[in-house]
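K.L.:
Pasting in a structure now, in structure tokens, and then I'll have a few things to ask.
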Amino acid sequence: MRAFCFLLTIILFTSCAKSKYDSEHFQFRYDGQNRSYLLHLPNGYVESTSYPLIIALHGGTGTAKNIEEQSGLAVFSDEKGFILCSPNGYKRTWNVGRCCGKARQDEIDDVGFINKLLDELEANYNINQSQIYATGMSNGAMMSYRLACELSHRIAAIAPVAGGMAALNCVAQNPVSVIHFHSYEDSNVPWNGGIGDGLSDHYNPPLDSIAEAWAVLNECSTDSSFTTADGVDVWNWSNCADSSEIVFYLTKDGGHSWPMGIAPRRRADQPSEVINANELMWDFFKTHPKQ
């Protein structure tokens, strides 16, 4: 029986130590909690080379494993050569200010957690400190906005997907570039504002108000330009401080999903087939390092 229990322990530890994409599982103590994350190093990683870092934040009720699978960013990491870190929220939620779930209710310091996580990653891996980016789905998208507000000295750009901004008071001290992906058909986080039909019943601000707020924060000197083609509308602010930029993509398909990603469950909205969020965000990130 002892041998069986020992073997079972090894099997369980091994099964949680890596994801299906060979991402390593790590954890550390922060603010009285055990916090954990998955880390995916690109194929051929060598310590002598400096790599961009993308922090990928899962949605409400999700996990680090979920965002890896839903977004496909771990596979994309191998193709493009960036480090991917997917942290786990507190009880599957992130405290983004006005939302969501247990993380907000228990006043979890998720900004402090991510800040310490960046310290740990920079201490152990060769990360290009001018190329630290954040993306996220839904509640994770909201968290990426909060990181841009409160860690603007470290985050170069963010790519929120299907989520708005719920920070209580955004006082970004440095410009942060934003590329946002959303769908007109998203009823969970409505593009024109209001309370969605998801698990959280908080109010979502209209996307145009979020874009305009960042245009002010980034000191953009001109109004946005607008283009439309092939089922997607695009707003762009490009004359901004420190060469920062703001781009909003709104698709006419997809719903509450990751464009060109994988639906996380059978009844989830099918992803947009009009744009590829990974390709667009990576091209955007590469051209918007921290100045």
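The values are calculated or read from the model by the stated rules, or taken from the named source; none is laboratory data. This is a predicted model, so every value here is computed, not measured. As a convention, Cβ positions derive from the backbone with ideal geometry for all residues, glycine included, and neighbour counts pool all protein chains shown. These area figures cover heavy atoms from the full protein model, side chains too; ligands, DNA and RNA do not enter into them. Shrake-Rupley method; radii C 1.70, N 1.55, O 1.52, S 1.80 Å.
K.L.:
For Ala241 and Asp106, compute 0.36 nm times the residue count separating them, minus their Cα-Cα distance, and round to one decimal in nm.
P.N.:
The Ala241-Asp106 span can extend by a further 45.0 nm.
K.L.:
Take every DSSP beta bridge whose two residues both sit in the chain, then give the antiparallel share in percent to the nearest 5.
P.N.:
Roughly 55 percent of the DSSP beta bridges within the chain come out antiparallel.
K.L.:
Sorted by mean Cβ packing within 10 Å, highest first, what order do the peptides 50-56, 105-111 take? Please list the in-between numbers first.
P.N.:
Details: 50-56: 22.0, 105-111: 16.3.
Taking the mean over residues of other Cβ atoms within 10 Å, the ranking is 50-56, 105-111.
K.L.:
OK, next. Please list the equivalent ellipsoid semi-axes of the chain, computed as the square roots of five times the alpha-carbon gyration tensor eigenvalues, in descending order and whole angstrom.
P.N.:
Numbers: eigenvalues 179, 92, 72 Å².
Calculated on Cα positions only, the semi-axes equal 30, 21, 19 Å.
K.L.:
Which of rounded, prolate or oblate describes segment 36-130 when judged by the alpha-carbon gyration tensor and an a/c cut-off of 1.5?
P.N.:
oblate
K.L.:
Same structure, new question: Using the heavy atoms of the protein chains alone and a 1.4 angstrom probe, what is the accessible area of the chain per residue in square angstrom?
P.N.:
Values: 13320 Å² over 291 residues.
Heavy-atom SASA per residue in the chain reads 46 Å².
K.L.:
Shape call for segment 187-285 from the C-alpha gyration tensor, a ≥ b ≥ c root eigenvalues: rounded (a/c under 1.5), prolate (a/b greater than b/c) or oblate?
P.N.:
oblate
K.L.:
Can you compute the FRET efficiency between Ser130 and Ser225 using 1/(1 + (r/R0)^6), with r the Cβ-Cβ distance and R0 = 41 Å? Round to the nearest 0.05.
P.N.:
Result of the calculation: an efficiency of 0.95.
K.L.:
Looking at the square roots a ≥ b ≥ c of the eigenvalues of the Cα gyration tensor of segment 152-239, which shape do they give, rounded for a/c under 1.5, prolate if a/b is larger than b/c, or oblate?
P.N.:
Oblate, because a/c is 1.5 or more while a/b does not exceed b/c.
K.L.:
For the pair Asp197/Asp233, report the inter-label distance in nm, with labels modelled 7 Å from Cα in the Cβ direction.
P.N.:
2.1 nm
K.L.:
When only the heavy atoms of the protein chains count and the probe is 1.4 Å, how do Thr93, Thr227 rank by accessible area, highest first?
P.N.:
Result, largest first: Thr227, Thr93.
K.L.:
Quick check: at a probe of 1.4 Å, how many percent of the accessible area of the chain sits on carbon and sulfur atoms? It would help to have the intermediate numbers written out before the result.
P.N.:
Details: 6570 of 13320 Å².
After summing per-atom areas, the C and S share lands at 49 percent.
K.L.:
Positive end of the dipole of segment 159-243, charges at C-beta (+1 Lys, Arg; -1 Asp, Glu), about the Cα centre: which of Asn174, Asn236, Ser200 has its Cα farthest in that direction?
P.N.:
Result: Asn174.
K.L.:
Further, regarding this structure: About its Cα centre, how strong a charge dipole does the chain have in debye, to the nearest 20, once Lys and Arg get +1 and Asp and Glu get -1 at the Cβ? Provide the component values of the computation, followed by the final result.
P.N.:
Values: 21 positive and 33 negative charges, 233 e Å.
So the dipole magnitude of the chain works out to roughly 1120 debye.
K.L.:
Straight-line reach from Lys65: which lysines have Cα under 27 Å away, leaving out those fewer than 8 places along the same chain?
P.N.:
The reachable lysines, counting only those whose Cα sits under 27 Å from Lys65, are Lys18, Lys20, Lys80, Lys91, Lys102, Lys116, Lys286.
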